[in-house]
Amino acid sequence: MTAIRVGVQLHPQHTSYQSFADAVRQVEALGVDSIWNWDHFFPLYGPADGAHFESWTLLTAMAMLTSRAEIGCLVICNSYRNPHLLADMARTVDHISGGRLILGIGAGWFQRDYDEYGYEFGTAPDRLRALGRALPQIKQRLERLNPPPLRQPLPILIGGGGEKVTLKLTAQYADMWNGFGPPERFRHKNQVLDNWCREFGRDPATIERTVAIGAGDLDNLDAFVGAGATHIILGLGEPWNFAAVERLVRYRETRGSQE
C-alpha cells in the first residue's frame, strides 16, 4: 500500500495575519506533512475587496512559524515574477525554512490580479508558453545560485490539468503535480501524465501526485487514493476548520497502520 501524505492550504484572505499565523502553527501541531498558501492579490471568494495577503512574504513567515512541515504556494503565478528572481526567492525561503520549501508554479488565470497590478493577461496559450519558457530558466538559475538550495534538487510542483501543455511540462520539469477532483477526472489526468512521462522516457512514479480537495471531499478520500493521489491537500478559509484537518490526519494514520 502506497504511503499517503496530507497537507493544508490556508487561504490568505478574509483573515488577519495573527489568525493566519496561529492557524499555521495549529495545523503543523496537528501533524500535517505540508502547509500551503496561494498566489493572488485579491480574495477568490467572499467580498471581492476583503483582506488579503501576498504569498511570498507570507511564505517567509510560514518558514519561521514552522519547524517540520514542508511549505509552499499552491501555486505561484508564473507571470508575476521574473523566472530568475523567482528561483532566487525560492532558494532564499528554502534556506530560511531549513530545506522545506516546495516551489509550486502554474500559468496563472485570475484576470483581476493581472489588470490591477499591471501584468499582461493575454490568452491562456500565451501564459502557457510563458510557463514553458520560464521552467528551464528557473532550473538553470537554481543550479547557479550561491549558496545553492539546501534541498537538492529543490522540488518543483506544477499545478493544472491541461492535457496538451501543462501535463507535458510536468513530465519534463516537475517533481510533483497538483490536480483537482472529482476522483474520475483526477484518475484520467493521472493517466495522461503517465503517458507524457513515457513519451519522455521518464518513470511516472518519480512525480508525486497531489490533489486539492475541500472539506466536502473528506468522504471520498479512498476514491482519490484509488485514482492515484499520494498527497491530499485540504483547502481551508477562515473560520479554520481544524476538525477537518484532524480527520485528514487520522485517515493518513489509519492507512499507515494497515500497511
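Any read-out appearing in this document is the output of simple, stated calculations on the displayed coordinates, not a laboratory observation. Values in this document were obtained by computation on a predicted structure and should not be read as measured data. No Cβ is skipped: glycine too gets one built from the backbone with ideal geometry, and neighbour counts run over all protein chains shown.
Evaluate the relative contact order of the chain (contact order divided by residue number), counting alpha-carbon pairs under 8 angstrom at least 6 apart; express in whole percent.
Values: 454 pairs, mean separation 55.8, N = 259.
For the chain, the relative contact order is 22 percent.
Assigning unit charges at the beta carbon (Lys, Arg +1; Asp, Glu -1) and nothing else, what dipole magnitude in debye, to the nearest 20, does the chain show about its Cα centre?
On the way: 26 positive and 29 negative charges, 146 e Å.
Its charge dipole is roughly 700 debye.
Quickly work out the N146-to-D175 label distance, labels modelled 7 Å from Cα along the C-beta direction, and quote it in nm with one decimal.
Label at D175, label at N146, 2.4 nm between them.
Which net charge results when you count Lys and Arg as +1 and Asp and Glu as -1 among the other residues whose beta-carbon is under 11 Å from that of L150? All intermediate terms of the calculation are to be shown ahead of the outcome.
Values: positive: R91, R100, R151; negative: D94.
Computed value for this residue: +2.
Around W196, under 12 Å between beta carbons, what's the net of Lys plus Arg minus Asp minus Glu among the other residues?
Values: positive: K164, K168, K189, R198, R202; negative: E163, D194, E199.
Within the 12 Å Cβ shell, the charges total +2.
Which label belongs to the value computed from this structure, given these candidates for Cα extents along the principal axes in Å: (1) 44, 43, 37; (2) 48, 40, 33; (3) 52, 48, 44?
(1)
Between Y45 and K139, what's the calculated FRET efficiency when r is the beta-carbon distance and R0 is 30 Å? Round to 0.05. Can you show the working numbers first?
Working: r = 34 Å, r/R0 = 1.12.
Step by step, r from the Cβ atoms, then E = 0.35.
Using a basic spin-label model with each label point 7 Å from the Cα along Cα→Cβ, how many nm lie between R129 and E246?
If labels sit at R129 and E246, their model points lie 5.2 nm apart.
Counting helices only, and only those DSSP H runs with n ≥ 4, report the 222 nm mean residue ellipticity of the chain as the sum of -39,500 (n - 2.57) divided by its residues, in deg cm²/dmol to the nearest 500. Spell out each step's value before the answer.
Numbers: 9 runs with 115 residues, N = 259.
So the helix-based figure for the chain works out to -14000 deg cm²/dmol.
For segment 191-252, with equal point scatterers placed on the C-alpha atoms only and solvent neglected, what are the log10 I(q)/I(0) values from the Debye formula at q = 0.20, 0.21, 0.22 1/Å, to two decimals?
-0.78, -0.83, -0.87
Fewest first, what order do L167, L86 take by the number of other Cβ atoms within 10 Å? All intermediate terms of the calculation are to be shown ahead of the outcome.
Working: L167 26, L86 21.
Ranking L167, L86 by Cβ neighbours within 10 Å, fewest first, gives L86, L167.
Apply the a/c threshold of 1.5 to the C-alpha gyration tensor of segment 72-193 and tell me whether it is rounded, prolate or oblate.
It is oblate, given that a/c is not under 1.5 and a/b is not larger than b/c.
How far is the Cα center of segment 1-63 from the Cα center of segment 80-150, in Å?
Cα centres, segment 1-63 to segment 80-150: 19 Å.
Going Cα to Cα from K164, which aspartates and glutamates come in below 18 Å? Please leave out same-chain ones fewer than 8 positions away.
Once the sequence-local aspartates and glutamates are set aside, what remains near K164 is D126, D194, E199.
For the ranges 34-47, 234-247, what's the packing order if you count other beta-carbon atoms within 10 Å of each residue, average per peptide, and put the highest first? The partial results should precede the final answer.
Numbers: 34-47: 19.2, 234-247: 16.8.
Result, highest mean Cβ count within 10 Å first: 34-47, 234-247.
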